[in-house]
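Just below is one structure, and these are the notes that go with it.
The values are calculated or read from the model by the stated rules, or taken from the named source; none is laboratory data. Fair warning: this is a prediction, and the values are worked out from it, not measured in the lab. Glycine also receives a Cβ, built like all others from the backbone with ideal geometry; neighbour counts cover every protein chain displayed.
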Amino acid sequence: MKDQLIQIYESTGDLTLQEVTANILMAAVLGFLIFVSYYSSHRGTIYSKKFNASLVVLTILTGTVMTVIGNNIALSLGMVGALSIVRFRTAIKDSRDTVYIFWTIIVGICCGVGDYMVAAIGSAITFAAFLLLGMIKSDNRMLLIIRAARNRQSVIQAHVFKLFKHKAVLRVRNTTDETVEFIYEITSKMLKNVENNNVNVADSLYELGGIEYVNVVMQNDEVSN
């Protein structure tokens, strides 16, 4: 039993040049598929070409590392220890980017151990899921920000209540001795319904008098005006 454990521990798992090349090339091909998926399904306001290119390189590197490790237990333990000292400080702004990072790592691992079928089928289904879910448009939240004279707050609240048919949610109300600021949460559908009635939200509020400014801000995973 002891001899068998030593034999497993010292196993090198050497691969031929053709196998190594096939592992890394397959990782590169599927990494490019991930690149296309991210590019085609991205719906944010900021598309990062560098991040997308990094996904391809990460897939290749993961496949390379797994090819090196093979079934060598000693080397795998050493690799884990070496990689554990790496610290990543880049903030992930979109939770979907984290999914893509895991996707590249999983594909790299599958290709590194030569399991191309699992990598290909899993990537194809994931790609299709991203394309399908990317076509589903959510009703983006919007913030209606109103700053006005403090003596107009009751009039403003009544007007917003009537304008959006009591569906606008008051999130913040800031006051000073002379001014008041309201922040309402609405949806793009609610705003569109008002505009379909030939009513401009900003103009109707300014007509009340005492309004300093009216802002509408889109609120989703990324904040944009």
Could you list, in sequence order, the residues of segment 149-160 that are more than 34 Å from the chain's Cα centre (by Cα) and under 21 Å from Val217 (Cβ atoms)?
Gln153, Ile156, Gln157, His159
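Can you tell which of Ile121, Ile146, Ile125 is over 30 Å from Ala27 (Cβ atoms) and either within 26 Å of the chain's Cα centre (by Cα) or of a type outside the set (Phe, Trp, Tyr) (or both)?
Only one candidate passes the filter, namely Ile146.
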Within segment 168-192, track down each residue that is over 29 Å from the mean Cα position of the chain (by Cα), of a type outside the set (A, V, I, L, M) and under 17 Å from Leu143 (Cβ atoms).
Arg173, Asn174, Glu181, Phe182
Among the candidates Ala124, Ala148, single out the residue that is within 20 Å of Val56 (Cα to Cα) and either modelled with pLDDT of 90 or more or touching a Leu at 6+ places or on another chain (Cβ under 9 Å) (or both).
Ala124
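For every residue, the table says whether it meets (1) at pLDDT below 85; (2) out of contact with any Phe, Trp or Tyr (no Cβ under 7 Å at 6 or more places or on another chain); (3) in a helix (DSSP H, G or I); (4) exposed (fewer than 15 other Cβ atoms within 10 Å of the Cβ).
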site: Asp3; (1), (2), (3), (4): yes, yes, yes, yes
site: Ile6; (1), (2), (3), (4): yes, yes, yes, yes
site: Thr21; (1), (2), (3), (4): no, yes, yes, yes
site: Ile24; (1), (2), (3), (4): no, yes, yes, no
site: Phe32; (1), (2), (3), (4): no, yes, yes, yes
site: Ser37; (1), (2), (3), (4): no, no, yes, no
site: Leu77; (1), (2), (3), (4): yes, yes, yes, yes
site: Ala91; (1), (2), (3), (4): yes, yes, no, yes
Does Asn215 satisfy the condition of being within 30 Å of Tyr47 (Cβ to Cβ), surrounded by fewer than 13 Cβ atoms within 10 Å (Cβ to Cβ) and not charged (D, E, K, R)?
yes
Residue match in segment 121-144 (condition: surrounded by 12 or more Cβ atoms within 10 Å (Cβ to Cβ), assigned to a helix (DSSP H, G or I), in the same structural domain as Val199 (by TED's automatic domain parsing) and of a type in the set (S, T, N, Q))
no
